[in-house]
Amino acid sequence: MYWQFKDSKWIKSPIPYLLAVACAWIWIKASEYGVQGFNGSMWSNRFLFFVTGVMAGAILYPIHYGQPFTLKVFVQLLLAISIILVSILWK
């Protein structure tokens with residue numbers, strides 16, 4: 001989604017659109033399996049996707065965009081992990 005800031009001509013190729021279709025299909029299948037894995041709970045699956053995005057951003061933004069890994073990001077990661085632990089361990 002932010003690659004447009006690295007290469008403005010990238011959006012003019014068919015690659016982003018093909019990736020979007022593939023990612024949408026993967027997202028749909030992951031949602032199906034996630035809801036099944038959490039015994040029908042859509043909220044737990046939604047939080048899992050949120051936390052996955054937070055973790056991916058914390059890893060990839062410093063690498064690709066030079067965004068610093070600060071104490072604020074570390075605290076956000078701890079909070080995100082605690083959300084997932086509640087979703088997994090709460091019966």
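The values are calculated or read from the model by the stated rules, or taken from the named source; none is laboratory data. Quick caveat, the model's predicted, so the values are computed rather than measured. All Cβ positions, even for glycine, are placed from backbone atoms using ideal geometry, and neighbour counts span all protein chains on display.
So, residue 44, is that one surrounded by 12 or more Cβ atoms within 10 Å (Cβ to Cβ), modelled with pLDDT under 90 and assigned to a helix (DSSP H, G or I) or not?
Yes.
If residue 23 satisfies all but one of (1) modelled with pLDDT under 90; (2) out of contact with any Lys or Arg (no Cβ under 9 Å at 6 or more places or on another chain), what's the number of the condition it fails?
The failed condition is (1).
With the condition kept exactly as written, say whether any residue in segment 60-78 is among the hydroxyl-bearing types (Ser, Thr, Tyr), part of a loop (DSSP other than H, G, I, E, B) and either touching a strand residue (DSSP E or B) at 6+ places or on another chain (Cβ under 6 Å) or in contact (Cβ under 8 Å) with a residue 24 or more places away in the chain (or both).
Taking every residue of segment 60-78 in turn, none turns out to be among the hydroxyl-bearing types (Ser, Thr, Tyr), part of a loop (DSSP other than H, G, I, E, B) and either touching a strand residue (DSSP E or B) at 6+ places or on another chain (Cβ under 6 Å) or in contact (Cβ under 8 Å) with a residue 24 or more places away in the chain (or both).
Just need a number here: residues in segment 47-88 that are among the polar types (S, T, N, Q), at pLDDT 90 or above and in contact with a helix residue (DSSP H, G or I) (Cβ under 7 Å, 6 or more places away or on another chain).
1
Has segment 29-38 got any residue that is within 14 Å of the chain's Cα centre (by Cα), hydroxyl-bearing (Ser, Thr, Tyr) and more than 26 Å from residue 73 (Cβ to Cβ)?
Checked against the condition, which is being within 14 Å of the chain's Cα centre (by Cα), hydroxyl-bearing (Ser, Thr, Tyr) and more than 26 Å from residue 73 (Cβ to Cβ), segment 29-38 yields at least one hit.
Regarding residue 35, is this residue touching a helix residue (DSSP H, G or I) at 6+ places or on another chain (Cβ under 7 Å) and either in a helix (DSSP H, G or I) or surrounded by 11 or more Cβ atoms within 10 Å (Cβ to Cβ) (or both)? Write out each step before concluding.
On the way: touching a helix residue (DSSP H, G or I) at 6+ places or on another chain (Cβ under 7 Å): yes; either in a helix (DSSP H, G or I) or surrounded by 11 or more Cβ atoms within 10 Å (Cβ to Cβ) (or both): yes.
Judged against the criteria, residue 35 is a match.
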